[in-house]
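Notes to accompany the following structure.
The values are calculated or read from the model by the stated rules, or taken from the named source; none is laboratory data. In this text the structure is predicted, and so the values were computed from the model without any measurement. Cβ placement follows ideal geometry from the backbone for every residue including glycine, while neighbour counts extend to all protein chains displayed. The protein model used for the area step is the full one, side chains on, heavy atoms only, and it has no ligands, DNA or RNA in it. Shrake-Rupley method; radii C 1.70, N 1.55, O 1.52, S 1.80 Å.
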Amino acid sequence: MSAPAYIQVPQSMHENDPTRSGWLRLGETCLNLGEREQINKLICPQPGRIIIFPSYLWHGTYPITSEQPRIILPTDIMPTA
């Protein structure tokens, strides 16, 4: 499992941002489907938020347009036998 923890995000990163600067995208393909592409989930980062999802799920972010820092604690969780 992947579990990024958002420690600090720029003030410009908010739910009403039409550019979705720095937002997490889950489930997009790499097939260049254009208008047929469907992103399963868009998540606006917030300080203190941890997002847990299967690592095999395609994930990425929209480009960040802010000069303020975004601090994330990336975490991978692996079950043991």
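Overview of results
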read-out: Members of region 60-81 found to be surrounded by 13 or more Cβ atoms within 10 Å (Cβ to Cβ) and out of contact with any Ser or Thr (no Cβ under 7 Å at 6 or more places or on another chain), listed by number; value: THR61, ARG70, ILE72
read-out: When residues of region 10-27 are limited to those that are out of contact with any Ser or Thr (no Cβ under 7 Å at 6 or more places or on another chain) and farther than 21 Å from ASP76 by Cβ, the one surrounded by the most Cβ atoms within 10 Å (Cβ to Cβ); value: ARG20
read-out: Filtered residues of region 3-48 (kept if modelled with pLDDT of 90 or more, in contact with a Leu (Cβ under 8 Å, 6 or more places away or on another chain) and of a type in the set (S, T, N, Q)); value: none
read-out: Test set (1) open to solvent by 60 Å² or more (accessible area, probe 1.4 Å); (2) outside any loop (DSSP other than H, G, I, E, B); (3) not β-branched (Val, Ile, Thr) - CYS30 fails condition number; value: (2)
